[in-house]
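The values are calculated or read from the model by the stated rules, or taken from the named source; none is laboratory data. Remember, it's a predicted structure, so these values are computed and weren't measured experimentally. Please note: Cβ atoms are built from the backbone with ideal geometry, for glycine as well, and neighbour counts cover all protein chains shown.
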Amino acid sequence: MIETPDAIQNVPALLAAHGPGLGKNLMVWCCASSRGHKPYTLAMVLNDFSRTCSKFDFSVLATDISSRVLDIAIKGVYDAGEIDPVPMELRKKYLLKNKDKTKRLVRIVPEAIRKVRLQHLNLMDPDFGIHRKMDIIFCRNVIIYFDRETTEKLLVKLCDQLIPGGFIFMGHSELLDCTMLPLISLAPAIYQKVNR
Ligand SMILES: C[S@@+](CC[C@H](N)C(=O)[O-])C[C@H]1O[C@@H](n2cnc3c(N)ncnc32)[C@H](O)[C@@H]1O
């Protein structure tokens, strides 16, 4: 199922309220992006935002350990049933229906595809090999696979990869203990990096 925009739809408002120091060329990283739902939904929402804000631009880096899901994401083609949570105004602009109606497939438009770079990355690697710092990191529904020590080490590395003032979005049930991290809680599952 395509990611319900919920938190993603709040990104423009979050940037306006809490992100004045963030770059005009916003870098967003979805670090366990699976089949591509979240990065493409983000590309749709941020592309809409860029139309209202002339100097704003963005790039989305989407990574996953699984080549199988990355291959699906690269195609950008989904079953029509998967897009139900996407609001109609975004569907009209960013999803193309298959000409063959029997197939019930939709394709992400090239304008959104171009904004998303997909790449293989194992979050357990000691060095992510990503040279640019990120403004926003989505790390949702993946720490559930890791034990506490592994999660703590990963969160330190993710914070290092984030600019001061940048945001981390976790899954709704993935509440972080910020005492040992340079993060404050802004809203449920949304954290901002601070200087500590
Ligand atoms: C439950 S899915 C979550 C997908 C998406 N973040 C979401 O919230 O819908 C978990 C994803 O984490 C990926 N994953 C698991 N271990 C990983 C690792 N060590 N490095 C990178 N990705 C990993 C899996 O391949 C899978 O695509």
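Structure notes:
- The listed residue being aliphatic (A, V, I, L, M), closer than 24 Å to Asp48 by Cβ and assigned to a helix (DSSP H, G or I), out of Ile136, Ile74, Ile168: Ile74
Condition check ((1) polar (S, T, N, Q); (2) within 18 Å of the chain's Cα centre (by Cα); (3) more than 16 Å from the ligand (Cβ to nearest atom)) across all residues:
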position: Arg51; (1), (2), (3): no, no, yes
position: Ser54; (1), (2), (3): yes, no, yes
position: Thr63; (1), (2), (3): yes, yes, no
position: Ser66; (1), (2), (3): yes, yes, no
position: Pro85; (1), (2), (3): no, yes, no
position: Leu90; (1), (2), (3): no, yes, yes
position: Lys99; (1), (2), (3): no, no, yes
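- Selection of the range 36-64 for residues being modelled with pLDDT under 90 and of a type in the set (A, V, I, L, M, F, W, C) yields Phe49, Cys53, Phe56.
- Selection count, the range 90-142, where residues are in contact (Cβ under 8 Å) with a residue 60 or more places away in the chain and not aromatic (Phe, Trp, Tyr): 21
- Annotation: Met27 fulfils all but one of (1) within 16 Å of the ligand (Cβ to nearest atom); (2) at negative phi; (3) not in a helix (DSSP H, G or I); the unmet one is (1).
- Candidate set: the range 111-146, residues that are near the ligand (Cβ under 8 Å from one of its atoms) and among the polar types (S, T, N, Q); chosen: the one surrounded by the fewest Cβ atoms within 10 Å (Cβ to Cβ): Asn122
- Selection of the range 70-82 for residues being modelled with pLDDT under 90 and either basic (Lys, Arg) or in contact with a His (Cβ under 9 Å, 6 or more places away or on another chain) (or both) yields only Glu82.
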